[in-house]
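The values are calculated or read from the model by the stated rules, or taken from the named source; none is laboratory data. What you are looking at is a predicted structure, and each value in this text was computed from that prediction instead of being measured. As a convention, Cβ positions derive from the backbone with ideal geometry for all residues, glycine included, and neighbour counts pool all protein chains shown.
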Amino acid sequence: MEQLFTLTTLTGILHSTIRLATPYLFASLGETISQRSGVLNLGVEGQMLMGAFAAFFVVVTTGSLLGGVVAAIFVGALLGLLMALVSVSFRAEQGISGIGMYLLGLGLSSLLFRLTLGSVQSVRGFAELALPGLSSIPVLGPALFKHSLLVYVAFALVPLVAYLLNRTTWGLNIRAVGDNPQAADTLGVPVIAIRYATVTVGGAMAAMGGASLSISAVNIFQENMTGGIGFIAVALVYFGGWRPVGVMLGILLFSLVSALQIWLQLVGIGIPSDLAVMLPYILTIIALALAPQRTGQPAALTRPFNRGMV
Amino acid sequence: MFKHGTTVAVAFVLAVLLTACGGAPATPAAPANTDAPVATEPFKVAVVMPSAETDLAWSQAMIDALRSIQAEMGGEEAMQISISENMFNVTDAAAALRDYASAGNQLVIAHGTQYGTSMFEVARDFPEVSFAWGTATDTGEAEGFTNVFSYNASAEEGGYVNGVIAAMLSTSNIVGIVGPVEAGDAKAYIDGFEQGVLSMKPDATVNKTYTGSFGDTAAAAEAANTHIAAGADVLTGSAQQVVGAIGVAKERGALWLGTQSSQASLAPDIVVATQLYDWTGVLKDIIAKIQAGTLGGTAYDLTLENGGLKIVFNSEFPGVTPEMQAAVDTAIQGISSGTITVLP
């Protein structure tokens with residue numbers, strides 16, 4: 001028990017928390033942008049899987065990590081465009097089309113993996129990068145400033161997305177389109193174009209979340225390797241009240257409990273492992289139930305825009 | 001009426017999509033040369049498994065055994081194998097089992113403890129088809145089943161031997177175990193491993209964690225990270241999730257002991273040894289029994305003594321010493337002869 005309160009353990013838990021948060025950050029921030037424009041993209045998991053595969057495949061075949069990142073972004077944007085086509089242009093029920101996107105990503109990434117690579121192999125992914133100076137701060141240094149490049153990028157996206165949404169004309173338009181597309185339309189805001197853009201960016205970011213697993217955290221691709229992260233990422237957007245900083249705090253809490261439960265098992269505290277692995281999910285459900293009634297939810301979320309129809 | 005038709009059509013398309021993505025039962029390929037006279041009908045076997053056939057673990061061990069028997073019997077003409085992989089959803093697996101039973105397979109294998117209930121339901125409806133499932137010890141004889149075989153792996157035995165190796169390799173005297181779900185052969189392996197470590201080094205620390213999933217690669221990776229952060233320099237783990245943990249171990253320079261299938265191809269520098277599950281003997285015996293008219297009733301068990309479990313060192317790993325080899329031989333002999341009791 002006292003092993004849980006040593007500095008090594010504390011550093012370990014924080015280090016795990018930051019690393020675990022990374023794929024969620026990419027996916028949830030992308031989903032935040034998409035939802036703020038009024039489009040629920042439930043297909044994040046499928047886009048993550050495709051991003052994970054695309055990045056891994058390019059790194060296996062070319063050895064280029066940058067190439068892997070570019071491939072993930074490209075494939076994710078493509079799937080985002082497809083999602084936008086179905087949700088925005090065809091005005092499909094967003095919950096259903098998202099499930100379709102998930103199944104497409106799951107099936108296609110498995111199929112492509114089978115056809116091209118065939119069996120499990122590992123790659124040399126992004127190495128840990130200790131930030132000089134900062135990483136030598138006791139306890140916090142190694143926990144916060146000794147991570148792979150994609151981890152820093154994920155956290156840098158938080159202020160970036162917050163700035164985009166709150167301080168730019170783009171962000172103003174995105175929020176207008178998400179809250180009242182009819183009004184935005186009459187003011188000359190290109191509703192359809194903006195939704196296409198947000199869903200495409202969201203897809204690319206989800207794919208980066210997948211890539212952060214396959215070429216940074218795990219350095220392996222396996223079928224269905226995201227194991228539900230994409231769905232939790234969508235829930236965490238609600239959890240964070242559609243604000244990037246709130247979303248990040250939700251992710252950090254979820255990741256902290258995820259990291260903590262592994263350590264609880266490791267030090268043999270005596271709680272059943274089945275209960276321990278449930279902790280982060282139980283916490284999320286409780287927090288969602290106790291959260292204030294969806295303040296900040298875009299008013300037009302999941303409602304397709306159809307000019308002339310209200 | 002039209003509306004109803006549309007609903008049915010949509011449901012049908014959805015069903016097709018869902019099964020396609022969940023890994024539909026592979027349609028058995030038509031015999032390659034239909035016009036050539038075939039002496040006897042091929043033996044038809046179907047297997048439903050929870051992960052990919054290339055998972056380097058649970059499912060691959062079974063497929064490797066089936067393929068080697070197929071090659072021995074004379075290829076596709078002598079034995080047809082239908083595979084449904086990635087059946088992590090038990091409801092899908094149940095449907096696949098029923099399809100296979102009605103498609104003329106002589107042996108239907110439900111390769112996962114979680115499929116037991118569904119398998120027995122299907123077995124009741126198809127008394128002329130033989131079923132096998134594992135890991136399990138129940139052939140349903142008490143309930144009147146005569147067409148069910150069960151197979152088990154005494155994974156704790158190889159776990160013990162791997163534990164002995166881990167204890168000898170560890171310099172920090174901390175070893176970590178990345179477990180999947182605290183049940184079945186995974187738990188047996190893990191508890192045996194712990195006993196093996198402590199038999200060599202009673203003061204060593206054995207840290208155990210479970211991810212709560214057989215296939216969550218990312219969770220296994222994080223568990224491995226945690227073990228290494230806690231000071232472990234030798235790791236082991238079980239189920240198809242372990243590839244994630246091995247990736248991390250490789251990155252951070254920890255050693256790995258494997259079980260089920262050999263994972264040496266993934267990380268030749270750090271995989272020291274593997275407890276291999278060799279189902280060949282069990283399957284051969286089942287097939288011989290079916291061909292002789294007995295459709296079930298036998299509970300098999302892989303052990304070190306009967307050769308179903310094998311400890312195989314990775315020839316590319318340089319750190320295997322003669323003392324280690326000797327300790328392993330002693331442990332195997334002790335377990336086989338009964339002087340060492342694993343998990344009493």
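Points worth noting:
- Failed item, numbered, when A:GLY202 is tested on (1) of a type in the set (Gly, Ala, Ser); (2) surrounded by fewer than 20 Cβ atoms within 10 Å (Cβ to Cβ); (3) in contact (Cβ under 8 Å) with a residue 40 or more places away in the chain: (2)
- Residue check for B:ILE290: in a helix (DSSP H, G or I) and assigned by TED's automatic domain parsing to the domain that holds B:ALA61: yes
Rundown of residues vs (1) buried (at least 19 other Cβ atoms within 10 Å of the Cβ); (2) not aliphatic (A, V, I, L, M), yes/no style:
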{"site": "B:GLU128", "(1), (2)": "no, yes"}
{"site": "B:ALA136", "(1), (2)": "yes, no"}
{"site": "B:GLY144", "(1), (2)": "no, yes"}
{"site": "B:ASN147", "(1), (2)": "yes, yes"}
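- Filtered by the rule that a residue be buried (at least 24 other Cβ atoms within 10 Å of the Cβ), at the interface with another protein chain (Cβ under 7 Å from one of its Cβ atoms) and closer than 20 Å to A:ALA276 by Cβ, segment B:228-247 gives a lone residue, B:GLY244.
- B:TYR210 vs. criteria more than 13 Å from every other protein chain (Cβ to nearest Cβ) and among the aromatic types (Phe, Trp, Tyr): no
- Checking each residue of segment A:105-127 against the condition of being touching a Leu at 6+ places or on another chain (Cβ under 9 Å), more than 9 Å from chain B (Cβ to nearest Cβ) and free of Cβ contacts under 8 Å to residues at least 24 places away in the same chain gives no match.
- Long-range neighbours under 9 Å by Cβ, at least six apart or interchain, first residue at positive phi and among the polar types (S, T, N, Q) within segment B:318-332, second assigned to a helix (DSSP H, G or I) and surrounded by 12 or more Cβ atoms within 10 Å (Cβ to Cβ): none
- The one condition from (1) part of a helix (DSSP H, G or I); (2) more than 8 Å from chain A (Cβ to nearest Cβ); (3) hydrophobic (A, V, I, L, M, F, W, C) that B:VAL178 does not meet is (1).
- Residue in segment A:240-248 that is over 20 Å from B:ALA219 (Cα atoms), under 15 Å from the mean Cα position of the chain (by Cα), among the aromatic types (Phe, Trp, Tyr) and surrounded by 14 or more Cβ atoms within 10 Å (Cβ to Cβ) present: yes
- Identity of the residue in segment B:200-220, in contact with a Phe, Trp or Tyr (Cβ under 9 Å, 6 or more places away or on another chain) and in contact (Cβ under 8 Å) with a residue 60 or more places away in the chain, that ends up surrounded by the fewest Cβ atoms within 10 Å (Cβ to Cβ): B:PHE214
- Residues satisfying the stated conditions in segment B:83-108, i.e. surrounded by 20 or more Cβ atoms within 10 Å (Cβ to Cβ), more than 14 Å from every other protein chain (Cβ to nearest Cβ) and within 17 Å of the chain's Cα centre (by Cα): B:ALA93, B:VAL108
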